[in-house]
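Comments concern the structure below.
The values are calculated or read from the model by the stated rules, or taken from the named source; none is laboratory data. The shown structure was predicted, so the numbers you read here are calculated from the model rather than taken from an experiment. Note: ideal-geometry Cβ built from the backbone for every residue, glycine included; neighbour counts use all protein chains shown.
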Amino acid sequence: SAPLDVSARREEFPILDREFDGTPLVYLDNAATSQTPKRVVESITDYYYEYNANVHRGIHNLSQEASIAYEEAHDTVADFIGAAGREEIVFTKNTTEAMNLVAYAWGLNELGPGDEVVLTEMEHHASLVTWQQIAKKTGAECRYIPITDDGRLDMDAARELITDDTKMVSVVHASNTLGTVNPVATLADIAHDHDSYIFVDGAQSAPHMAVDVQDIDCDFFAFSAHKMCGPTGIGALYGKEEILDAMEPYLYGGDMILKVTFEDTDFNELPWKFEAGTPSISEGIAFAEAVEYIEDVGIDRIHDHSTDLAAYAYERLSEHDDVEIYGPGPDERSPLVAFNIDGLHAHDLASIVNDYGVAIRAGDHCTQPLHDVLGASASARASFYLYNTREEVDALVEAVDEARQIFA
Ligand code: PMP
């Protein structure tokens, strides 16, 4: 297929025209939050101007229109990741809430002393802290699959760590710090051989690569709209229907019920059993619009464009030998590059490149234990998406050179 038409795409993102004191914005913080195209923003204004109403229970026209759009948004998201249908897609606030939903609704009830949750050293705090704290409450234990020197999972260690004591394997699909794309289908096989569930954190994979949850055969998968051209405040939990069916609700209240008496309650069908109270209606509808936008541009095209930019950034940053880039080589990464420069703190670096209009992230990227393993307290991270250009990579590299000179 034809490569991505970046200049046409850029016109759909008004924010990319921002300047700071005459210096154009170079937005390379996409792994934290991506920008939002006009049609997604307009889907929110359309909702509020034309059919704002509460969903599910309304008889009147507006409520029916809102309900259909909100419920169909689940179908669009289900199709996007190869789920069987809306019954397998619960809208949550974000990836973090999806993880907590399973940890509270399943973990708190099912885990106990002697049980193990297997994570990886490259987990985001969204999964690491969640399972660590649920383990503390239940007496279960967390074990961590180590990484190799080049930032991949040590799969021999994984095969030893995942045992019949393992009840949940929670693994990040694409690392937001190393850029590593993990062999989640293989890990799913290993987990299932031991009758364990596997939860795949797709926050950094769903925006950038074709995902099919049935191919992976994961039990749970989660991602956030705001990292894939959608709004904040909405994300999705995928769960296999029979597992979600057997799981206790996470939040109780209106909308998640079928019949209530003073004594007891029958819960609603999937996915509404897990969506108590008035949901984020406009955000859910805009999430589906973002998915359709990505499908129109083409997820494979987005993947190739963004990973090509990341490889170019890797190459250009490596021109100096004072640079350490974390994770696997340039051709095998999710489209981000986390790095450090000798003698320059990541925060100082990010602050100086910001003076040149370049937005990158500095810190631990919610992977503090991984940074301990890497022997760095922080790193700088540039991350790319469909509207970025090679010229923007050059602008980053030049700004990094300026920072080098300032601190030399
Ligand atoms: N997992 C990974 C790998 C991430 O990069 C992020 C976002 N930084 C999250 C989970 C959490 O996403 P959210 O903040 O949208 O819940």
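Select the strands (runs of 3 or more DSSP E) contained entirely in the stretch 328-403, then report the ones holding at least 1 residues which are surrounded by fewer than 24 Cβ atoms within 10 Å (Cβ to Cβ). Don't jump to the end; show me each part of the working.
Working: elements: 336-341, 361-363, 379-383.
Fully inside the stretch 328-403 and qualifying: 336-341, 361-363.
Do you know which of the residues in the stretch 203-231 that are of a type in the set (S, T, N, Q) and closer than 24 Å to His305 by Cβ is farthest from the ligand (Cβ to nearest atom)?
Within the stretch 203-231, the subset of a type in the set (S, T, N, Q) is 204-205, 214, 224.
From what is left, the residues that are closer than 24 Å to His305 by Cβ are 204-205, 224.
Values: Gln204: 5, Ser205: 8, Ser224: 3 Å.
Here the residue is Ser205.
With respect to the numbered conditions (1) over 30 Å from Ala191 (Cβ atoms); (2) crowded, with 22+ Cβ neighbours inside 10 Å; (3) of a type in the set (Asp, Glu), which one is the sole condition not fulfilled by Asp17?
(2)
In this structure, is Asp255 modelled with pLDDT of 95 or more and more than 15 Å from the ligand (Cβ to nearest atom)? Lay out the reasoning, then the answer.
On the way: modelled with pLDDT of 95 or more: no; more than 15 Å from the ligand (Cβ to nearest atom): yes.
For Asp255, the condition - modelled with pLDDT of 95 or more and more than 15 Å from the ligand (Cβ to nearest atom) - is not met.
Would you be able to tell me the number of residues in the stretch 118-131 that are within 10 Å of the ligand (Cβ to nearest atom) and either assigned to a loop (DSSP other than H, G, I, E, B) or at pLDDT below 95 (or both)?
Count: 3.
Hey, does the stretch 376-383 have a residue that's more than 21 Å from Val26 (Cα to Cα), in contact with a Gly (Cβ under 9 Å, 6 or more places away or on another chain), at pLDDT 95 or above and assigned by TED's automatic domain parsing to the domain that holds Pro14?
For the stretch 376-383, residues more than 21 Å from Val26 (Cα to Cα), in contact with a Gly (Cβ under 9 Å, 6 or more places away or on another chain), at pLDDT 95 or above and assigned by TED's automatic domain parsing to the domain that holds Pro14: present.
Could you grab the pairs with beta carbons closer than 8 Å, sequence gap of 6+ or different chains, first residue in the stretch 180-202 and outside the structural domain of Asp150 (by TED's automatic domain parsing), second one modelled with pLDDT of 95 or more?
Sorted first by the residue in the stretch 180-202, then by its partner, the list stays empty.
Which is crowded, with 23+ Cβ neighbours inside 10 Å and either within 16 Å of the ligand (Cβ to nearest atom) or closer than 29 Å to Arg301 by Cα (or both), of Leu244, Leu178?
Testing whether each residue is crowded, with 23+ Cβ neighbours inside 10 Å and either within 16 Å of the ligand (Cβ to nearest atom) or closer than 29 Å to Arg301 by Cα (or both) leaves just Leu178.
Among the candidates Thr389, Thr367, which residue alone is assigned by TED's automatic domain parsing to the domain that holds Thr23 and within 20 Å of the chain's Cα centre (by Cα)? Outline the logic, then answer.
Working: Thr389 fails: within 20 Å of the chain's Cα centre (by Cα).
Criteria check complete, one pass: Thr367.
Taking only the stretch 190-222 into account, find how many residues are among the hydroxyl-bearing types (Ser, Thr, Tyr) and surrounded by fewer than 19 Cβ atoms within 10 Å (Cβ to Cβ). Write out each step before concluding.
Of all residues in the stretch 190-222, those among the hydroxyl-bearing types (Ser, Thr, Tyr) come to 196-197, 205.
Right, trim to surrounded by fewer than 19 Cβ atoms within 10 Å (Cβ to Cβ) and you get none.
Summing the residues that are among the hydroxyl-bearing types (Ser, Thr, Tyr) and surrounded by fewer than 19 Cβ atoms within 10 Å (Cβ to Cβ) in the stretch 190-222 gives 0.
Looking at Pro249 and the list (1) within 16 Å of the ligand (Cβ to nearest atom); (2) in contact with a Lys or Arg (Cβ under 7 Å, 6 or more places away or on another chain), which single condition is not satisfied?
If we test Pro249 against (1) within 16 Å of the ligand (Cβ to nearest atom); (2) in contact with a Lys or Arg (Cβ under 7 Å, 6 or more places away or on another chain), just (1) comes out false.
Failed condition for Ile134, given (1) within 15 Å of the ligand (Cβ to nearest atom); (2) in contact with a strand residue (DSSP E or B) (Cβ under 9 Å, 6 or more places away or on another chain), with all others met?
Exception for Ile134: condition (1).
To keep it simple, each residue is scored yes or no on (1) of a type in the set (A, V, I, L, M); (2) more than 24 Å from Asp212 (Cα to Cα); (3) not assigned by TED's automatic domain parsing to the domain that holds Phe91.
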{"position": "Phe274", "(1), (2), (3)": "no, no, no"}
{"position": "Pro279", "(1), (2), (3)": "no, yes, no"}
{"position": "Ala290", "(1), (2), (3)": "yes, no, no"}
{"position": "Ser318", "(1), (2), (3)": "no, yes, yes"}
{"position": "Asp321", "(1), (2), (3)": "no, yes, yes"}
{"position": "Gly329", "(1), (2), (3)": "no, yes, yes"}
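Quick check on this structure: which one of Thr166, Thr148 is away from the ligand (no atom under 16 Å from the Cβ) and surrounded by 15 or more Cβ atoms within 10 Å (Cβ to Cβ)? Walk me through it before giving the result.
Details: Thr148 fails: surrounded by 15 or more Cβ atoms within 10 Å (Cβ to Cβ).
Selected residue: Thr166, the only one of Thr166, Thr148 that is away from the ligand (no atom under 16 Å from the Cβ) and surrounded by 15 or more Cβ atoms within 10 Å (Cβ to Cβ).
Could you check, for the stretch 107-117, whether at least one of its residues is in contact with a Phe, Trp or Tyr (Cβ under 8 Å, 6 or more places away or on another chain), within 16 Å of the ligand (Cβ to nearest atom) and in a helix (DSSP H, G or I)?
Checked the stretch 107-117: no residue is in contact with a Phe, Trp or Tyr (Cβ under 8 Å, 6 or more places away or on another chain), within 16 Å of the ligand (Cβ to nearest atom) and in a helix (DSSP H, G or I).
Check off (1) closer than 17 Å to Ser383 by Cα; (2) in contact with a helix residue (DSSP H, G or I) (Cβ under 7 Å, 6 or more places away or on another chain) for Ala310 and give me the number that stays unchecked.
Against the list (1) closer than 17 Å to Ser383 by Cα; (2) in contact with a helix residue (DSSP H, G or I) (Cβ under 7 Å, 6 or more places away or on another chain), Ala310 comes up short only on (2).
Which count do you get for residues in the stretch 45-94 that are within 16 Å of the ligand (Cβ to nearest atom) and assigned to a loop (DSSP other than H, G, I, E, B)?
Total meeting the criteria: 3.
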